[in-house]
Amino acid sequence: MTHPPYLYPGYKSTTLRAPGRELVMPGLGPDSIELTSPVFGHQELGRLDWDLTRQHPGEPLGERIIVTGRVLDTAGRPVRGALVEVWQANAAGRYLHAGDQHPAPLDPNFTGAGRCLTDDDGRYRFVTIKPGAYPWRNHHNAWRPAHIHFSVFGTAFTQRLVTQMYFPGDPLFAFDPIFQSIPDQRDRENLISRFDMDTTEPEWALGYQWDIVLGDTPMEDR
Amino acid sequence: MTESTPLRPSPVTPSQTVGPFFGYALPYGEGPRVVPDWRPDAVRVRGTVYDGAGEPIPDALVEIWQADENGEIPRRPGGRVRDGHGFSGFGRCATDPAGGYWFSTVKPGAVGGHAPYVSVLVFARGLLKPVFTRLYFPEDEAAHAADPLLGELPDERRGTLIAERTAEREYRFDVRMQGDRETVFLVF
(Lines give C-alpha, C1' and ligand atoms only; values in the text may rest on other atoms or scores of the structure.)
Protein backbone atom coordinates (compact mmCIF):
# COMPACT_ATOMS: atom_id res chain seq x y z
CA MET A 1 0.00 0.00 0.00
CA THR A 2 1.57 3.26 -1.14
CA HIS A 3 -0.75 5.69 0.59
CA PRO A 4 -1.13 6.09 4.34
CA PRO A 5 -4.12 4.46 6.01
CA TYR A 6 -7.01 6.72 7.02
CA LEU A 7 -6.58 5.78 10.67
CA TYR A 8 -3.11 6.43 12.03
CA PRO A 9 -3.40 7.11 15.77
CA GLY A 10 0.06 8.69 15.96
CA TYR A 11 -1.52 11.54 13.99
CA LYS A 12 -4.24 12.31 16.48
CA SER A 13 -6.71 14.07 14.23
CA THR A 14 -7.22 10.88 12.22
CA THR A 15 -9.05 9.26 15.16
CA LEU A 16 -12.32 11.12 14.67
CA ARG A 17 -11.91 11.77 10.97
CA ALA A 18 -10.90 8.46 9.44
CA PRO A 19 -13.89 6.64 7.93
CA GLY A 20 -15.08 4.02 10.38
CA ARG A 21 -16.51 1.61 7.84
CA GLU A 22 -15.05 -0.28 4.98
CA LEU A 23 -14.95 1.83 1.83
CA VAL A 24 -17.16 0.68 -1.03
CA MET A 25 -15.60 -0.43 -4.28
CA PRO A 26 -18.19 0.11 -7.02
CA GLY A 27 -18.60 -3.12 -8.95
CA LEU A 28 -18.28 -1.30 -12.26
CA GLY A 29 -15.27 0.71 -11.09
CA PRO A 30 -15.13 4.45 -11.54
CA ASP A 31 -17.63 6.00 -13.88
CA SER A 32 -16.92 8.31 -16.81
CA ILE A 33 -17.13 11.42 -14.64
CA GLU A 34 -14.58 10.02 -12.22
CA LEU A 35 -12.36 8.93 -15.11
CA THR A 36 -12.15 12.46 -16.47
CA SER A 37 -10.83 15.57 -14.80
CA PRO A 38 -11.50 19.30 -14.85
CA VAL A 39 -9.55 21.35 -17.37
CA PHE A 40 -7.56 24.44 -16.41
CA GLY A 41 -5.98 26.98 -18.71
CA HIS A 42 -3.19 29.53 -18.66
CA GLN A 43 -5.74 32.33 -18.63
CA GLU A 44 -6.66 31.16 -15.14
CA LEU A 45 -3.19 31.80 -13.75
CA GLY A 46 -1.68 35.06 -12.62
CA ARG A 47 1.55 36.06 -14.38
CA LEU A 48 3.70 35.53 -11.27
CA ASP A 49 1.76 32.70 -9.65
CA TRP A 50 4.77 30.40 -10.22
CA ASP A 51 7.24 32.75 -8.52
CA LEU A 52 6.42 33.05 -4.83
CA THR A 53 9.32 35.47 -4.33
CA ARG A 54 7.92 38.14 -6.65
CA GLN A 55 4.33 38.48 -5.47
CA HIS A 56 5.07 41.46 -3.22
CA PRO A 57 7.08 44.68 -3.54
CA GLY A 58 10.14 43.41 -1.63
CA GLU A 59 12.24 40.27 -1.43
CA PRO A 60 11.06 37.68 1.05
CA LEU A 61 13.46 36.62 3.78
CA GLY A 62 15.11 33.23 3.68
CA GLU A 63 16.88 30.90 1.33
CA ARG A 64 15.65 31.29 -2.27
CA ILE A 65 15.09 27.95 -4.00
CA ILE A 66 13.89 26.58 -7.32
CA VAL A 67 11.62 23.56 -7.09
CA THR A 68 10.95 21.68 -10.29
CA GLY A 69 10.07 18.23 -11.53
CA ARG A 70 7.63 16.32 -13.68
CA VAL A 71 4.10 15.06 -13.17
CA LEU A 72 3.99 11.53 -14.60
CA ASP A 73 1.72 8.54 -14.77
CA THR A 74 2.99 5.16 -13.59
CA ALA A 75 4.12 4.32 -17.11
CA GLY A 76 6.36 7.37 -17.04
CA ARG A 77 4.25 9.38 -19.48
CA PRO A 78 4.09 13.12 -18.78
CA VAL A 79 0.82 14.56 -17.55
CA ARG A 80 0.49 17.75 -19.59
CA GLY A 81 -1.45 20.86 -18.70
CA ALA A 82 -1.99 19.67 -15.14
CA LEU A 83 -2.76 22.28 -12.53
CA VAL A 84 -0.16 22.16 -9.74
CA GLU A 85 -0.85 24.28 -6.67
CA VAL A 86 1.60 24.77 -3.80
CA TRP A 87 1.46 26.38 -0.38
CA GLN A 88 3.90 26.55 2.47
CA ALA A 89 5.17 28.24 5.61
CA ASN A 90 7.70 31.07 5.31
CA ALA A 91 11.40 30.77 6.17
CA ALA A 92 10.59 31.14 9.87
CA GLY A 93 8.07 28.30 9.80
CA ARG A 94 4.95 30.48 9.92
CA TYR A 95 1.91 30.24 7.65
CA LEU A 96 -0.02 33.27 6.55
CA HIS A 97 -3.13 31.83 8.17
CA ALA A 98 -5.13 33.20 11.08
CA GLY A 99 -5.07 29.81 12.76
CA ASP A 100 -1.28 29.54 12.84
CA GLN A 101 -0.24 30.34 16.42
CA HIS A 102 3.47 29.61 16.06
CA PRO A 103 5.27 32.64 17.57
CA ALA A 104 7.51 33.18 14.56
CA PRO A 105 7.45 36.27 12.36
CA LEU A 106 5.24 36.72 9.34
CA ASP A 107 7.02 38.01 6.25
CA PRO A 108 5.27 40.94 4.56
CA ASN A 109 6.86 39.88 1.27
CA PHE A 110 5.80 36.27 1.34
CA THR A 111 2.34 34.77 1.05
CA GLY A 112 3.45 31.23 0.34
CA ALA A 113 0.91 30.24 -2.30
CA GLY A 114 1.63 29.48 -5.95
CA ARG A 115 0.31 27.63 -8.98
CA CYS A 116 1.31 26.63 -12.47
CA LEU A 117 0.37 24.27 -15.29
CA THR A 118 2.70 21.48 -16.39
CA ASP A 119 4.28 21.90 -19.83
CA ASP A 120 4.45 19.37 -22.68
CA ASP A 121 7.03 17.33 -20.75
CA GLY A 122 4.83 17.33 -17.67
CA ARG A 123 7.23 19.74 -16.00
CA TYR A 124 6.31 22.25 -13.30
CA ARG A 125 8.62 24.89 -11.87
CA PHE A 126 8.36 27.20 -8.87
CA VAL A 127 10.68 29.78 -7.39
CA THR A 128 10.14 30.11 -3.67
CA ILE A 129 11.78 30.27 -0.24
CA LYS A 130 12.85 27.24 1.70
CA PRO A 131 10.18 26.81 4.39
CA GLY A 132 11.10 26.48 8.03
CA ALA A 133 10.18 23.64 10.38
CA TYR A 134 7.45 24.49 12.87
CA PRO A 135 5.87 23.04 16.00
CA TRP A 136 2.36 21.62 16.11
CA ARG A 137 0.37 20.32 19.02
CA ASN A 138 -0.06 16.70 18.03
CA HIS A 139 2.14 15.43 20.86
CA HIS A 140 4.88 16.65 23.21
CA ASN A 141 7.66 18.44 21.31
CA ALA A 142 6.06 17.79 17.93
CA TRP A 143 7.72 19.51 14.97
CA ARG A 144 6.89 19.19 11.29
CA PRO A 145 9.84 18.66 8.96
CA ALA A 146 10.16 21.49 6.44
CA HIS A 147 7.73 20.81 3.58
CA ILE A 148 5.84 22.30 0.68
CA HIS A 149 2.23 21.23 0.16
CA PHE A 150 1.35 20.17 -3.37
CA SER A 151 -2.09 19.76 -4.93
CA VAL A 152 -2.20 18.11 -8.38
CA PHE A 153 -4.90 17.26 -10.91
CA GLY A 154 -4.32 14.39 -13.32
CA THR A 155 -6.33 13.16 -16.26
CA ALA A 156 -8.91 11.45 -14.04
CA PHE A 157 -10.61 12.81 -10.94
CA THR A 158 -9.61 9.56 -9.21
CA GLN A 159 -5.95 10.62 -9.64
CA ARG A 160 -6.47 13.79 -7.61
CA LEU A 161 -3.51 14.10 -5.25
CA VAL A 162 -2.67 16.35 -2.32
CA THR A 163 0.70 15.63 -0.80
CA GLN A 164 3.81 17.22 0.71
CA MET A 165 7.33 17.56 -0.63
CA TYR A 166 10.17 17.30 1.90
CA PHE A 167 13.86 18.24 1.79
CA PRO A 168 16.77 15.80 1.88
CA GLY A 169 18.47 15.03 5.18
CA ASP A 170 15.83 16.47 7.47
CA PRO A 171 16.45 15.25 11.05
CA LEU A 172 12.72 15.41 11.85
CA PHE A 173 11.56 12.62 9.50
CA ALA A 174 11.82 9.91 12.16
CA PHE A 175 9.70 11.91 14.61
CA ASP A 176 6.90 13.05 12.31
CA PRO A 177 3.74 10.92 12.31
CA ILE A 178 2.43 12.49 9.10
CA PHE A 179 5.54 11.43 7.20
CA GLN A 180 5.72 8.11 9.08
CA SER A 181 2.07 7.31 8.31
CA ILE A 182 3.19 6.05 4.90
CA PRO A 183 3.72 2.34 5.54
CA ASP A 184 6.72 1.67 3.32
CA GLN A 185 10.02 3.46 3.80
CA ARG A 186 10.68 3.49 0.04
CA ASP A 187 7.35 5.20 -0.58
CA ARG A 188 8.17 7.77 2.09
CA GLU A 189 11.43 8.52 0.37
CA ASN A 190 9.51 9.36 -2.79
CA LEU A 191 8.29 12.47 -0.98
CA ILE A 192 11.84 13.71 -0.46
CA SER A 193 13.14 16.05 -3.12
CA ARG A 194 16.65 15.76 -4.51
CA PHE A 195 19.11 18.60 -4.32
CA ASP A 196 20.21 19.21 -7.91
CA MET A 197 23.23 21.23 -8.98
CA ASP A 198 21.89 21.47 -12.55
CA THR A 199 18.75 23.19 -11.32
CA THR A 200 20.75 25.44 -9.02
CA GLU A 201 21.40 28.88 -10.55
CA PRO A 202 24.72 30.62 -9.84
CA GLU A 203 24.60 33.63 -7.54
CA TRP A 204 20.87 33.17 -7.14
CA ALA A 205 19.11 30.03 -5.89
CA LEU A 206 19.57 26.37 -4.92
CA GLY A 207 17.64 23.84 -6.97
CA TYR A 208 15.55 20.83 -5.97
CA GLN A 209 14.04 18.19 -8.24
CA TRP A 210 10.93 16.28 -7.31
CA ASP A 211 8.78 14.13 -9.58
CA ILE A 212 5.15 13.35 -8.83
CA VAL A 213 3.63 10.07 -10.03
CA LEU A 214 -0.16 9.91 -10.14
CA GLY A 215 -2.02 6.67 -9.51
CA ASP A 216 -3.55 4.42 -12.10
CA THR A 217 -7.24 4.07 -12.41
CA PRO A 218 -8.51 0.55 -13.05
CA MET A 219 -9.83 1.33 -16.51
CA GLU A 220 -7.10 3.65 -17.62
CA ASP A 221 -5.88 1.42 -20.41
CA ARG A 222 -9.24 0.85 -22.03
CA MET B 1 24.03 14.92 -1.59
CA THR B 2 22.41 13.34 -4.62
CA GLU B 3 20.32 10.39 -3.54
CA SER B 4 16.61 9.51 -3.38
CA THR B 5 14.12 10.20 -6.15
CA PRO B 6 15.41 8.83 -9.41
CA LEU B 7 14.19 10.47 -12.60
CA ARG B 8 12.92 7.20 -14.10
CA PRO B 9 9.24 6.42 -13.50
CA SER B 10 8.74 5.57 -9.87
CA PRO B 11 5.89 4.17 -7.81
CA VAL B 12 2.86 6.31 -7.08
CA THR B 13 3.53 9.38 -4.96
CA PRO B 14 1.91 8.90 -1.54
CA SER B 15 -0.86 11.16 -0.34
CA GLN B 16 -0.43 13.46 2.65
CA THR B 17 -2.99 15.51 4.56
CA VAL B 18 -4.05 18.90 3.25
CA GLY B 19 -3.40 20.15 6.81
CA PRO B 20 -5.23 23.00 8.51
CA PHE B 21 -3.56 25.96 6.76
CA PHE B 22 -4.59 25.70 3.09
CA GLY B 23 -7.06 28.55 3.43
CA TYR B 24 -4.98 31.23 1.72
CA ALA B 25 -3.91 28.96 -1.13
CA LEU B 26 -6.57 26.57 -2.35
CA PRO B 27 -9.96 28.29 -1.94
CA TYR B 28 -10.71 31.01 -4.47
CA GLY B 29 -13.49 33.49 -4.93
CA GLU B 30 -15.46 31.76 -7.64
CA GLY B 31 -14.70 28.28 -6.32
CA PRO B 32 -18.15 27.42 -5.03
CA ARG B 33 -19.95 29.23 -7.87
CA VAL B 34 -19.82 26.60 -10.62
CA VAL B 35 -22.62 28.57 -12.27
CA PRO B 36 -23.84 32.04 -11.34
CA ASP B 37 -26.92 32.24 -9.13
CA TRP B 38 -28.80 34.14 -11.84
CA ARG B 39 -28.93 31.15 -14.16
CA PRO B 40 -32.56 30.04 -14.16
CA ASP B 41 -31.54 26.39 -13.72
CA ALA B 42 -28.99 27.08 -10.93
CA VAL B 43 -29.33 24.89 -7.86
CA ARG B 44 -27.84 25.50 -4.45
CA VAL B 45 -26.21 22.64 -2.57
CA ARG B 46 -25.30 23.12 1.08
CA GLY B 47 -24.01 20.79 3.70
CA THR B 48 -21.85 20.25 6.75
CA VAL B 49 -18.90 17.94 7.18
CA TYR B 50 -19.01 16.13 10.56
CA ASP B 51 -16.39 14.15 12.44
CA GLY B 52 -16.94 10.99 14.46
CA ALA B 53 -18.01 12.95 17.56
CA GLY B 54 -20.69 14.71 15.52
CA GLU B 55 -18.68 17.94 15.57
CA PRO B 56 -18.42 20.03 12.42
CA ILE B 57 -15.04 20.00 10.66
CA PRO B 58 -13.99 23.62 10.05
CA ASP B 59 -10.83 22.79 8.12
CA ALA B 60 -12.12 20.61 5.32
CA LEU B 61 -12.03 21.32 1.60
CA VAL B 62 -14.83 20.01 -0.60
CA GLU B 63 -14.44 19.63 -4.36
CA ILE B 64 -17.08 18.67 -6.89
CA TRP B 65 -16.84 17.55 -10.50
CA GLN B 66 -19.84 16.83 -12.66
CA ALA B 67 -21.48 16.68 -16.05
CA ASP B 68 -23.55 19.59 -17.33
CA GLU B 69 -27.34 19.67 -17.42
CA ASN B 70 -27.35 17.54 -20.59
CA GLY B 71 -25.04 14.87 -19.24
CA GLU B 72 -22.07 16.16 -21.25
CA ILE B 73 -18.70 15.98 -19.53
CA PRO B 74 -17.16 19.47 -19.66
CA ARG B 75 -13.89 19.76 -21.60
CA ARG B 76 -13.48 23.51 -21.47
CA PRO B 77 -11.12 25.34 -19.12
CA GLY B 78 -12.54 27.62 -16.52
CA GLY B 79 -12.41 25.88 -13.18
CA ARG B 80 -10.65 28.80 -11.52
CA VAL B 81 -11.74 31.79 -13.55
CA ARG B 82 -15.27 31.65 -14.90
CA ASP B 83 -16.92 33.97 -17.37
CA GLY B 84 -20.42 33.24 -16.09
CA HIS B 85 -21.37 31.45 -19.29
CA GLY B 86 -20.17 28.05 -20.41
CA PHE B 87 -19.73 25.35 -17.81
CA SER B 88 -16.49 23.89 -16.47
CA GLY B 89 -18.05 21.42 -14.03
CA PHE B 90 -15.55 21.92 -11.20
CA GLY B 91 -16.15 23.52 -7.83
CA ARG B 92 -14.15 23.97 -4.66
CA CYS B 93 -15.29 25.24 -1.27
CA ALA B 94 -13.50 25.30 2.08
CA THR B 95 -15.73 24.62 5.06
CA ASP B 96 -16.54 27.61 7.27
CA PRO B 97 -16.05 27.68 11.07
CA ALA B 98 -19.33 25.77 11.42
CA GLY B 99 -18.18 23.04 9.02
CA GLY B 100 -20.47 24.28 6.27
CA TYR B 101 -19.88 24.38 2.53
CA TRP B 102 -22.01 25.42 -0.43
CA PHE B 103 -22.07 25.28 -4.21
CA SER B 104 -24.10 26.99 -6.86
CA THR B 105 -24.29 24.61 -9.79
CA VAL B 106 -26.70 22.90 -12.15
CA LYS B 107 -28.18 19.50 -11.70
CA PRO B 108 -26.21 17.20 -14.01
CA GLY B 109 -27.85 15.07 -16.64
CA ALA B 110 -27.41 11.32 -16.43
CA VAL B 111 -24.17 9.88 -17.85
CA GLY B 112 -23.97 6.28 -19.00
CA GLY B 113 -26.21 3.98 -16.98
CA HIS B 114 -26.01 6.09 -13.84
CA ALA B 115 -28.63 8.19 -12.16
CA PRO B 116 -27.51 11.84 -12.21
CA TYR B 117 -24.84 12.48 -9.61
CA VAL B 118 -22.09 14.88 -8.62
CA SER B 119 -18.67 13.46 -7.75
CA VAL B 120 -17.59 14.79 -4.35
CA LEU B 121 -14.10 14.75 -2.88
CA VAL B 122 -13.36 15.81 0.70
CA PHE B 123 -9.93 16.76 2.04
CA ALA B 124 -9.30 17.77 5.66
CA ARG B 125 -6.77 18.05 8.40
CA GLY B 126 -6.68 14.57 9.88
CA LEU B 127 -7.41 12.91 6.53
CA LEU B 128 -4.17 11.43 5.21
CA LYS B 129 -5.90 10.86 1.88
CA PRO B 130 -9.17 12.32 0.65
CA VAL B 131 -12.54 10.57 0.65
CA PHE B 132 -14.62 10.16 -2.51
CA THR B 133 -18.36 10.05 -2.49
CA ARG B 134 -21.28 10.85 -4.80
CA LEU B 135 -24.21 13.18 -4.36
CA TYR B 136 -27.45 11.90 -5.90
CA PHE B 137 -30.68 13.90 -6.13
CA PRO B 138 -33.80 12.88 -4.22
CA GLU B 139 -36.30 13.37 -7.05
CA ASP B 140 -34.62 10.68 -9.20
CA GLU B 141 -36.00 7.74 -7.25
CA ALA B 142 -36.81 5.72 -10.33
CA ALA B 143 -33.30 6.15 -11.76
CA HIS B 144 -31.78 5.25 -8.40
CA ALA B 145 -33.33 1.80 -8.58
CA ALA B 146 -31.32 1.14 -11.75
CA ASP B 147 -28.11 2.88 -10.69
CA PRO B 148 -25.18 0.46 -10.59
CA LEU B 149 -23.64 1.90 -7.43
CA LEU B 150 -26.82 2.59 -5.43
CA GLY B 151 -28.09 -0.87 -6.35
CA GLU B 152 -25.08 -2.46 -4.65
CA LEU B 153 -25.59 -0.68 -1.33
CA PRO B 154 -27.59 -1.97 1.61
CA ASP B 155 -30.83 -0.03 2.12
CA GLU B 156 -29.71 1.55 5.37
CA ARG B 157 -26.61 3.10 3.78
CA ARG B 158 -27.95 4.16 0.39
CA GLY B 159 -29.60 7.25 1.83
CA THR B 160 -26.28 8.79 2.83
CA LEU B 161 -25.59 9.45 -0.86
CA ILE B 162 -28.93 11.09 -1.59
CA ALA B 163 -29.22 14.81 -0.94
CA GLU B 164 -32.25 16.17 0.86
CA ARG B 165 -34.40 18.70 -0.92
CA THR B 166 -34.72 21.72 1.37
CA ALA B 167 -36.48 24.22 -0.92
CA GLU B 168 -37.13 24.89 -4.58
CA ARG B 169 -33.73 24.28 -6.27
CA GLU B 170 -32.00 23.81 -2.90
CA TYR B 171 -30.46 20.66 -1.51
CA ARG B 172 -28.66 19.62 1.65
CA PHE B 173 -25.87 17.02 1.54
CA ASP B 174 -24.02 16.39 4.79
CA VAL B 175 -20.86 14.32 4.96
CA ARG B 176 -20.32 12.21 8.09
CA MET B 177 -16.90 10.68 8.54
CA GLN B 178 -17.99 8.12 11.13
CA GLY B 179 -21.03 6.89 13.06
CA ASP B 180 -24.40 5.29 12.33
CA ARG B 181 -25.04 7.55 9.40
CA GLU B 182 -21.48 7.50 8.08
CA THR B 183 -21.42 8.55 4.44
CA VAL B 184 -20.66 5.82 1.94
CA PHE B 185 -17.11 6.50 0.73
CA LEU B 186 -15.80 5.00 -2.46
CA VAL B 187 -12.54 3.37 -3.37
CA PHE B 188 -11.56 2.74 -6.96
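Remarks
- Scanning the stretch B:65-110 for residues that are facing chain A (nearest Cβ under 10 Å) and outside any loop (DSSP other than H, G, I, E, B) turns up B:TRP65, B:PHE90, B:GLY91, B:ARG92.
- As for the stretch B:83-90, it holds at least one residue that is under 13 Å from the mean Cα position of the chain (by Cα), crowded, with 21+ Cβ neighbours inside 10 Å, in contact (Cβ under 8 Å) with a residue 24 or more places away in the chain and at positive phi.
- Of the numbered criteria (1) touching a Lys or Arg at 6+ places or on another chain (Cβ under 7 Å); (2) in contact (Cβ under 8 Å) with a residue 60 or more places away in the chain; (3) crowded, with 21+ Cβ neighbours inside 10 Å; (4) outside any strand (DSSP E or B), the one A:PHE179 fails is (2).
- Taken as a whole, the stretch A:162-169 holds at least one residue that is facing chain B (nearest Cβ under 8 Å), more than 16 Å from B:GLY19 (Cβ to Cβ) and modelled with pLDDT of 95 or more.
- Which listed residue is under 28 Å from A:ALA18 (Cα atoms), part of a loop (DSSP other than H, G, I, E, B) and out of contact with any strand residue (DSSP E or B) (no Cβ under 8 Å at 6 or more places or on another chain), from B:GLY159, B:GLY126: B:GLY126
- Selection of the stretch B:35-50 for residues being within 20 Å of B:GLU164 (Cα to Cα) and either among the basic types (Lys, Arg) or in a loop (DSSP other than H, G, I, E, B) (or both) yields B:ASP37, B:ASP41, B:ARG44, B:ARG46.
- Residue list for the stretch A:93-126, restricted to those being closer than 22 Å to B:ASP96 by Cβ and touching a Gly at 6+ places or on another chain (Cβ under 7 Å): A:TYR95, A:LEU96, A:HIS97
- Test for B:GLU156: is it away from chain A (no Cβ under 14 Å), free of Cβ contacts under 8 Å to residues at least 40 places away in the same chain, more than 30 Å from A:GLU44 (Cβ to Cβ) and loosely packed, with under 15 Cβ neighbours inside 10 Å: no
For every residue, the table says whether it meets (1) in a loop (DSSP other than H, G, I, E, B); (2) at pLDDT 95 or above.
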{"residue": "A:PRO5", "(1), (2)": "yes, yes"}
{"residue": "A:PRO9", "(1), (2)": "yes, yes"}
{"residue": "A:SER13", "(1), (2)": "no, yes"}
{"residue": "A:PRO19", "(1), (2)": "yes, yes"}
{"residue": "A:GLY29", "(1), (2)": "yes, no"}
{"residue": "A:ILE33", "(1), (2)": "yes, yes"}
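- Subset of the stretch A:66-77 (residues that are farther than 22 Å from A:ASP51 by Cβ and in contact with a Lys or Arg (Cβ under 9 Å, 6 or more places away or on another chain)): A:GLY76
- With respect to being of a type outside the set (D, E, K, R) and in contact with a strand residue (DSSP E or B) (Cβ under 9 Å, 6 or more places away or on another chain), A:THR53 fits the description.
- Hits in the stretch A:192-222 - residues which are more than 24 Å from A:ASP170 (Cα to Cα), under 23 Å from the mean Cα position of the chain (by Cα) and either modelled with pLDDT of 95 or more or not β-branched (Val, Ile, Thr) (or both): A:LEU214, A:GLY215, A:ASP216
- Search result, residues across the stretch B:162-188 that are part of a loop (DSSP other than H, G, I, E, B), of a type outside the set (S, T, N, Q) and within 14 Å of chain A (Cβ to nearest Cβ): B:MET177, B:GLY179, B:ASP180, B:ARG181, B:GLU182, B:VAL184, B:PHE185, B:VAL187, B:PHE188
- Only one of the listed residues (A:ALA75, A:ALA98) is facing chain B (nearest Cβ under 7 Å), among the small types (Gly, Ala, Ser) and either surrounded by fewer than 14 Cβ atoms within 10 Å (Cβ to Cβ) or within 21 Å of A:ALA205 (Cα to Cα) (or both). That residue is A:ALA75.
- Within the stretch A:35-69, being at the interface with chain B (Cβ under 7 Å from one of its Cβ atoms), of a type in the set (A, V, I, L, M) and touching a residue at least 60 places away in the same chain (Cβ under 8 Å) holds for no residue.
- For the stretch A:12-34, the set of residues classified as among the hydroxyl-bearing types (Ser, Thr, Tyr), within 7 Å of another protein chain (Cβ to nearest Cβ) and farther than 18 Å from B:LEU135 by Cα consists of A:SER13, A:THR14, listed by residue number.
- Residue within the stretch A:80-103 that is within 30 Å of B:HIS114 (Cα to Cα) and modelled with pLDDT under 95 present: no
- Meets criteria (within 30 Å of A:PRO4 (Cβ to Cβ) and either surrounded by fewer than 24 Cβ atoms within 10 Å (Cβ to Cβ) or in contact (Cβ under 8 Å) with a residue 24 or more places away in the chain (or both)) for B:LYS107: no
- Scan of the stretch B:43-56 for residues that are in contact with a Ser or Thr (Cβ under 8 Å, 6 or more places away or on another chain) and more than 7 Å from chain A (Cβ to nearest Cβ), ordered by number: B:VAL43, B:ARG44, B:VAL45, B:ARG46, B:THR48, B:VAL49, B:PRO56
- Residue pairs whose Cβ atoms lie under 6 Å apart, sitting 6 or more positions apart in sequence or on different chains, and linking a residue in the stretch A:1-14 that is under 17 Å from A:HIS140 (Cα atoms) to a partner that is charged (D, E, K, R) and assigned to a loop (DSSP other than H, G, I, E, B), are A:SER13/B:ARG125.
The values are calculated or read from the model by the stated rules, or taken from the named source; none is laboratory data. Just so it is clear, the structure is predicted and the values come from calculations on it, not from any experiment. As a convention, Cβ positions derive from the backbone with ideal geometry for all residues, glycine included, and neighbour counts pool all protein chains shown.
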